[in-house]
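Enquirer: I'd like to ask you about the structure that follows.
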Amino acid sequence: MESQEMIDLCKKHTLYTWAASGNVDPLPVARAEGIHFWTPDGKRYIDFNSQLMSVQIGHNHPRMVEAIKKAAEGLIYVFPATATEARAKLGAKLAELCPGDLNTFFFTLSGAESNENAIKAAKLYTGRSKILARHRSYHGATNACMQLSGDPRRWANEPGMPGVVHVMHPDPYNYSFGQTEAEKTEANLRYLDEVIMYEGPQNIAAMIIESVTGTNGILPPPAGYLKGLRELLDKHGILLICDEVMAGFGRTGKMFGFEHGDIVPDLVSMAKGLTSSYVPLGCVGMRDKIAAHFQDNVFWGGLTYNSHAFCLSVALAAVEVLQEENLVENAARLQPVMREEMDRLQAKHPSVKEGRCIGLFGMVDLQKNAAGEPMAPYNGSSEAMKALNSFFREEGLFTFVRWGSFMCNPPLCITEEQLRESFAIIDRGLDVVDRYYEG
């Protein structure tokens, strides 16, 4: 199918996410391999966002193609109350990968569904009803998860599930808890302790956080924050849910983002990198004390495709590729290269305010003046950002330009040469943005 026919039929018969479909200009894609994908007309793009920060092992990996073929020749689907080889093996593999006593897993089909079941488990286990969540967060597009999210996409979906209490992120958008990481950690945790007092700790089942905040900034927690948060919540008997949907499976240079803080959460939500998006799958990992509770008490959750045999088989292959090709280690190895490139761009371009990265999880913020005013307003765009987005598309670099920032999240199989090639395109794009700088 040619590009325009593909676009026309898709727009005529399908809806697009987070958009008025009539205004969408979809990118036609015919095939993908490694860190690249191609349009039907043969134009090549570097996938600098791993699609939705999810194709960790790269596109169309030959081992995955074979694994999918093999899985399709075996057991494809049985109802959730069965035992299957794929379920047995993937559960055991995840218990091996997860630190501490995260040994039991409830399988889902997405990150949002994982978060829905994580808060369900927390409420059932504690008998409490409230959930603490943060501004500058995103946890999914289902009803409850939209209310958890501290993201403008929540607004149109309100009101929703009651009992969500939003608190400030350690790095708020327009406010500071302090200049140093230690100051931010200490001040934010004091503030959070007071919020817990106001809400009544006996009413709060859990707090959900992105271990490394994703879409809303790529914000690693300040030093000491995760340990301090773990201790604070333990003091009040509140569970900690770590949303690892974006950060998990090597994106940050460790298997899970929370490992950078040397903690073990009570519940962990996973998806995306679990299969590198080759098939839909997610899961909730839980510590032994919570799993033991559900040995004697009903877990009131489940859907038709829970523990889908085909998807579990494919996930096992994706995790094996991640491990055997040392892609987690590659993300850690290339972090200094991404950091170097970001620093170079900041020194060269007045429009670059700051770049952040942990592993191959990165974002660059742009400014329109020396005061650091964002190049686009919160939840908005600008001519400069539109021009940058157009430049990236013309030059064959696919990533997300959001508000006054753009993302740097390539597949974990990227090489140093390919990473620098990508930043060379970004460098030229920032020449365009500099024209809008009010210096």
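The numbers here are math on the coordinates, done by the rules we state, and not lab data. This structure is a prediction, so every number in the text was calculated from the model and none was measured. Every residue, glycine as well, gets a Cβ built from its backbone with ideal geometry; the counts of neighbours run over all protein chains shown.
Enquirer: How large is ³J(HN,Hα), in whole Hz, for each residue of segment 415-431 in order, when computed from phi with the Karplus curve 6.51 cos²θ - 1.76 cosθ + 1.60 and θ = phi - 60°, using x for Gly and Pro?
Expert: The phi angles translate into 9, 4, 4, 5, 5, 5, 4, 5, 6, 5, 5, 4, 4, 5, x, 6, 4 Hz.
Enquirer: Quick check: net charge around GLY253, other residues with Cβ under 9 Å of its Cβ, Lys/Arg +1 and Asp/Glu -1?
Expert: Surrounding charge for GLY253 is +2.
Enquirer: Right, another one. Under Stokes-Einstein, with the Kirkwood radius over Cα pairs standing in for Rh, what whole-number D in µm²/s applies to segment 69-140 at 20 °C and 1.002 mPa s?
Expert: Here the translational diffusion coefficient equals 142 µm²/s.
Enquirer: Volume per residue, Å³, of the convex hull around the alpha-carbon atoms of the chain?
Expert: Residue-normalised Cα hull volume stands at 146 Å³.
Enquirer: Right, next: Going by average Cβ neighbours within 10 Å, how do the peptides 401-410, 4-13 rank, with the highest at the top?
Expert: 401-410, 4-13
Enquirer: Beyond 20 Å, how much of the Cα-Cα pair distribution for segment 286-387 remains, as a whole percent?
Expert: Across segment 286-387, Cα pairs with separations above 20 Å total 67 percent.
Enquirer: Counting other C-beta atoms within 10 Å, and keeping those with at most 16, which DSSP coil chymotrypsin sites (Phe, Trp or Tyr not before Pro) do you find in segment 62-150?
Expert: Qualifying residues, ordered by number: TYR77.
Enquirer: In whole angstrom, how far apart do the alpha carbon centroids of segment 64-79 and segment 312-336 sit?
Expert: 21 Å
Enquirer: Find the centroid of the Cα atoms in segment 120-135 and in segment 207-240, then give the distance between the two in whole Å.
Expert: What the calculation gives is 15 Å, centre to centre.
Enquirer: Right, next: Can you work out the Karplus-derived ³J(HN,Hα) for every residue in segment 85-90? Use 6.51 cos²θ - 1.76 cosθ + 1.60 with θ = phi - 60°, whole Hz, and x for glycine or proline.
Expert: Values per residue, Gly and Pro as x: 5, 5, 5, 4, 6, 5 Hz.
Enquirer: Which percent of Cα pairs goes in each bin when the distances of segment 130-255 are cut into 5 angstrom slices starting at zero?
Expert: Result, from short to long distances: 2, 11, 21, 24, 22, 15, 5, 1 percent.
Enquirer: Read phi for every residue in segment 214-230 and hand back ³J(HN,Hα) as whole Hz from Karplus 6.51 cos²θ - 1.76 cosθ + 1.60, θ = phi - 60°, with x for Gly and Pro.
Expert: So the J values, rounded to whole Hz, are x, 3, 8, x, 6, 10, x, x, x, 3, x, 5, 5, 5, x, 5, 3.
Enquirer: Hey, in the GNM for the chain with a 10 angstrom Cα cutoff, which one of GLY200, GLY58, GLY34 fluctuates hardest?
Expert: Maximum among the listed residues: GLY200.
Enquirer: Taking amide H atoms as placed 1.01 Å from N in the peptide plane, list the residues 5 or more away in sequence, or in a different chain, whose amide H sits under 5 Å from that of HIS36.
Expert: Residues meeting the criterion, in which the H sits 1.01 Å from N, are ASP47, HIS59.
Enquirer: When the chain is treated as a GNM, springs tying every alpha-carbon pair under 10 Å, which of ALA317, ALA19, ALA81 comes out with the largest mean-square fluctuation?
Expert: ALA19
Enquirer: In the neighborhood of ARG154, defined by Cβ-to-Cβ distances under 14 Å, what is the net charge if each Lys or Arg adds +1 and each Asp or Glu adds -1?
Expert: It works out to a net charge of +1.
Enquirer: Also: Considering all projection directions equally, how large on average is the shadow of the alpha-carbon convex hull of segment 64-324, in square nanometres?
Expert: 13.7 nm²
Enquirer: Within the chain, what percent of beta bridges assigned by DSSP are antiparallel, to the nearest 5?
Expert: Antiparallel: roughly 65 percent of the beta bridges in the chain.
Enquirer: How much mean residue ellipticity at 222 nm does the chain get from its helices, if each DSSP H run of length 4 or more adds -39500 (n - 2.57) and you divide by all residues, to the nearest 500 deg cm²/dmol?
Expert: That comes out to -12500 deg cm²/dmol.
Enquirer: Name the residues whose placed amide hydrogens come within less than 5 Å of the amide hydrogen of VAL352, ignoring near sequence neighbours (fewer than 5 apart) on the same chain.
Expert: GLN367
Enquirer: Another question, if that's okay. Gain in length, ASN297 to ALA182, computed as 0.36 nm per residue apart minus the alpha-carbon separation, to one decimal in nm?
Expert: So the chain would gain 37.3 nm between ASN297 and ALA182.
Enquirer: Further question on the same structure: Amide H to amide H, which residues 5 or more places from MET161 or on other chains are under 5 Å from it, using H placed in the peptide plane?
Expert: Residues meeting the criterion, in which the H sits 1.01 Å from N, are GLN147.
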